[in-house]
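Beneath this line is the structure, given in structure tokens, with notes to follow.
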Amino acid sequence: MAAVEPPARTSGGLAGGLRFRPGDLIFQLLTGAASLAVVALVVLLTYKVIRQAWGAMSHFGIAFVWHTVWDPLKDQFGAGQFVVGTLVTSLVAVAIAAPLSIAIALFLTELCPRFLRGPIGALVELLASVPSVVLGLWGILIMGPFVANHLEPWLHNTLGFIPLFSGPTSIVGVLPAILILTIMILPIVSAISRELFTRVPRELREGALALGTTRWEAIRGVVIPYAGPGIAAAVILGLGRAVGEAIAVTQVIGGGNGLHWSLFATGDTLASRIANTYQGATTNLEITSILYLAAILLVISLLANMAAQVVVRRAERRGVL
């Protein structure tokens, strides 16, 4: 049998194989430039915000973060009450939205009839496309009166001994802001969780059922732990959305000053204070203080997104995602 000669090599590689194509180089340059543009945009945005806020940073220092007085007439500014308002509204909203989102995702992937999965899933995802200003108007006109006339009185009568549910009721306040943020977070977390549940290998489910477990035991012991890291990342991303929301929260939170134990009282967040007061700022110190609030909000949002990326990468190394 005659020996088989190896294919001849050319300057472009193996004959008939890969060769230099200008289109590939252009594609690489365009995609690389797009990636670098995103990085440059984040860096420039951070630099610009910090530069514009430097006047307040140098005047108040780091104490601005926990100082709670915001009085433009006396040129006294502090972000403490707004940081607390942001954390309370966002964390409570996530605590409510996360189990609801996981339940919706489990229903759509495990329990829902096939002919209903598409319509229900589309409606849940459609909720994410509703403009925040429309949700804010709905919160003022429909949800606010319901909360003031039914939900808050019931909470006060049932749990009024807890300071969180004491005080007079109102159509605006921290509780309506929490509910609005819950509605905004829910479609994001549920859509990601649904995708994660569909990626759980079928043999794991069938193996758990073959061992005699019920459907709920299989979901609790196999499906949820397998998708757990991805769900955690989805919840963190939902938290980042809640922290940065401004328009809808501004419409329903009331814009009150001061720290209050009651969720029925009015309040403010970093984003809503920026949206509500920037146009009316009169002094340079007030403008730079508002931009200082923006810098704090930017740091919180970046930390939330970085935490989500860390969780996702650990899950990918474990082969979960």
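Zone of ASN149 (label point 7 Å along Cα→Cβ, backbone N under 13 Å): which residues in region 160-192? 171, by backbone N distance to the label point. Computed from label points 7 Å out along Cα-Cβ, the spacing between LYS74 and ARG114 is 6.9 nm.
For the residues TYR47, TYR226, TYR292, what sequence is obtained by ranking on other C-beta atoms within 10 Å, fewest first?
Ordered by Cβ neighbours within 10 Å, fewest first: TYR47, TYR226, TYR292.
The relative contact order of region 203-321, computed from alpha carbon pairs under 8 Å that lie at least 6 residues apart in sequence, is 33 percent. For region 148-268, a crude dipole built from +1 on the beta carbon of Lys and Arg and -1 on the beta carbon of Asp and Glu, taken about the Cα centre, is about 340 debye to the nearest 20.
Helix content alone sets the calculated 222 nm mean residue ellipticity of the chain: runs of n ≥ 4 DSSP H residues at -39500 (n - 2.57) each, divided across all residues, give -20500 deg cm²/dmol.
The length gained by stretching the chain between ARG199 and LEU87 to full extension, at 0.36 nm per residue less their Cα-Cα distance, is 37.1 nm. Placing dummy labels 7 Å off each Cα toward the beta-carbon, the span from LEU259 to ARG220 is 3.9 nm. Distances between placed amide hydrogens fall under 5 Å for GLN76 paired with ASP71, all partners being 5 or more residues away or on another chain. Annotation: the residues TRP70, TRP54, sorted from fewest to most other C-beta atoms within 10 Å of their own C-beta, follow the order TRP54, TRP70. Computed on the Cα trace of the chain, the radius of gyration divided by the Kirkwood hydrodynamic radius gives Rg/Rh = 1.12. Here region 80-117 and region 164-207 have alpha carbon centers that stand 1 Å from each other.
Taking all Cα pairs closer than 8 Å and separated by 6 or more residues, the relative contact order of region 210-279 comes to 26 percent. Each Lys and Arg Cβ is given +1 and each Asp and Glu Cβ -1; about its Cα centre, the chain then shows a dipole of about 860 debye.
Between LEU209 and LEU126, what is the FRET efficiency for a Förster distance of 35 Å, r being their Cβ-Cβ separation, to the nearest 0.05?
The pair LEU209/LEU126 has a calculated efficiency of 0.55.
Rounded, prolate or oblate, given the Cα gyration tensor of region 103-257, with a/c below 1.5 counting as rounded? Judged from the Cα gyration tensor, region 103-257 comes out prolate (a/c at least 1.5, a/b above b/c).
Every number in this text was worked out from the coordinates using simple rules, so none of it is lab data. Note that the structure is a prediction, hence the values are computed from the model and not measured. Cβ coordinates were reconstructed from backbone atoms using ideal geometry, including for glycine residues, and neighbour counts include every protein chain displayed.
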